[in-house]
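Inspection log for the structure reproduced underneath, given as structure tokens.
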Amino acid sequence: MHQQNFITITTIRGLIQNLKRIISTNGKPEWQGHLVAILTVIFWGGTFVNTKYLLIGGMQPHEIFFIRFLLAYFCIWIISPRKLLCNSWKDELTMLLLGVTGGSLYFVAENTAIKLTYVNDVSFIICMAPLFTTFLAIVFLKNVNASKKLITGSVVALFGVSIVIFNGHFVMHLSPLGDALALLASFCWGIYSLIIKRVSGRYSATFITRKVFFYGILTILPTFILKPWSFPLSNLGKPVIWLNIFFLGVIASFACYLMWNWSVRKIGALKTANYNYLNPISTVILSALFLKESITPIAFLGGILILIGIFISNRSNGI
């Protein structure tokens with residue numbers, strides 16, 4: 001047990017040092033922004049597997065989110081500047097909105113949707129987030145136009161996503177509430193991606209990410225009034241539980257949110273958002289590795305279409 005704890009602490013310290021080098025450098029070439037976004041989505045693609053293990057182990061969706069963000073918040077205080085508040089109350093309210101759209105509301109809506117409807121349906125709807133980001137940017141930002149490349153690339157990538165997720169058999173199962181919650185989660189992430197771009201010019205990726213974790217934790221607390229914590233704390237010591245929590249909290253939240261926010265600042269909200277289409281590819285690969293699910297030729301074809309769509313979209317002008 002002591003050796004496991006030492007390995008965990010050493011891993012966190014090494015990760016923090018690497019992240020410091022990434023987020024402290026502003027003069028990086030644009031291709032590094034794309035690379036960081038791709039790595040982020042690859043890690044996020046594996047969160048379905050981790051969350052599934054925790055749900056099977058008896059944890060509730062809001063419990064998983066709370067302990068995930070709490071661990072991430074603890075980690076980010078190690079590297080976060082001492083600055084506590086934003087420069088204005090308007091910016092502070094903006095951070096609150098980020099904590100809701102990129103944290104509490106997003107995860108509660110997504111996890112609840114998975115309980116109410118089919119995972120395939122939820123996965124497909126969630127992958128519509130880049131389309132929402134593009135739509136919101138066109139409506140609210142004057143410097144964004146719906147270019148042919150952007151629209152064509154988005155449609156091709158979304159078609160590729162449908163092939164990967166539904167394995168060539170596109171059958172949507174009617175579940176109005178579940179689908180509506182998945183749509184809400186996707187819409188939330190679209191809002192989050194745009195707001196991040198607006199505040200990234202005034203605050204560092206570390207400061208913004210810390211605020212997202214704080215307000216995500218704060219706004220999830222009312223959920224425990226309706227559904228009190230029920231998972232036995234003694235079970236947190238089980239390897240299958242704490243290892244998956246470690247990945248979700250330290251890698252998928254602490255590291256990936258920093259990396260994602262940095263990528264938005266570097267290459268823009270629309271280009272970064274398009275990499276969400278890669279999510280099902282990494283999920284399929286990781287499911288094959290850990291859940292022994294086979295990768296079919298049709299899924300491989302869908303992956304190629306996703307890559308083509310992202311390439312076309314990212315050749316257009318974005319924000």
- segment 224-263 - residue that is polar (S, T, N, Q) and open to solvent by 40 Å² or more (accessible area, probe 1.4 Å) and, of those, nearest to G58 (Cα to Cα): S230
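Could you please give the count of residues in segment 95-111 that are open to solvent by 30 Å² or more (accessible area, probe 1.4 Å) and touching a Ser or Thr at 6+ places or on another chain (Cβ under 9 Å)? Break it down stepwise before answering.
As a first pass, look at segment 95-111 and keep what is open to solvent by 30 Å² or more (accessible area, probe 1.4 Å): 96-97, 100, 105, 108, 110.
From the residues that got through so far, the ones that are touching a Ser or Thr at 6+ places or on another chain (Cβ under 9 Å) too are 96, 100, 105, 108, 110.
Number satisfying all stated conditions: 5.
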- Task: Sort out for me the helices (runs of 4 or more DSSP H) sitting completely within segment 8-89 that have 1 or more residues that are touching a Cys at 6+ places or on another chain (Cβ under 7 Å) and modelled with pLDDT of 80 or more.
- Result: 30-45
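Of K211, K149, K197, which residue is at pLDDT below 85, assigned to a helix (DSSP H, G or I) and within 23 Å of Y106 (Cα to Cα)? Spell out the reasoning first.
Working: K211 fails: at pLDDT below 85; K149 fails: within 23 Å of Y106 (Cα to Cα).
Among K211, K149, K197, only K197 is at pLDDT below 85, assigned to a helix (DSSP H, G or I) and within 23 Å of Y106 (Cα to Cα).
Residue by residue, here is whether (1) closer than 30 Å to I306 by Cα; (2) open to solvent by 20 Å² or more (accessible area, probe 1.4 Å); (3) in contact with a Leu (Cβ under 8 Å, 6 or more places away or on another chain) holds:
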position: W44; (1), (2), (3): yes, yes, no
position: G58; (1), (2), (3): no, yes, no
position: E63; (1), (2), (3): no, no, no
position: R82; (1), (2), (3): no, yes, no
position: D91; (1), (2), (3): no, no, no
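Evaluate the following for V250: is it at pLDDT 70 or above and of a type in the set (A, V, I, L, M)? Explain how you work it out, then say what you get.
On the way: at pLDDT 70 or above: yes; of a type in the set (A, V, I, L, M): yes.
Judged against the criteria, V250 is a match.
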- Just name the residue that is nearest to the chain's Cα centre (by Cα) out of those in segment 46-88 that are within 27 Å of I281 (Cβ to Cβ) and of a type in the set (V, I, T). T47
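One line per residue, one yes/no per condition, for (1) outside any loop (DSSP other than H, G, I, E, B); (2) modelled with pLDDT of 80 or more; (3) touching a Pro at 6+ places or on another chain (Cβ under 8 Å):
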{"site": "S234", "(1), (2), (3)": "yes, yes, no"}
{"site": "I241", "(1), (2), (3)": "yes, yes, no"}
{"site": "N276", "(1), (2), (3)": "yes, no, yes"}
{"site": "T283", "(1), (2), (3)": "yes, no, no"}
{"site": "I295", "(1), (2), (3)": "no, no, no"}
{"site": "L301", "(1), (2), (3)": "yes, no, no"}
{"site": "L305", "(1), (2), (3)": "yes, no, no"}
{"site": "G309", "(1), (2), (3)": "yes, no, no"}
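The values are calculated or read from the model by the stated rules, or taken from the named source; none is laboratory data. The structure presented is a predicted model; accordingly, all values stated were derived computationally and were not measured. Positions of Cβ are generated from backbone atoms using ideal geometry, with glycine treated the same way; all protein chains shown enter the neighbour counts. These accessible areas exclude ligands, DNA and RNA; they are computed on the full protein's heavy atoms, side chains included. Shrake-Rupley method; radii C 1.70, N 1.55, O 1.52, S 1.80 Å.
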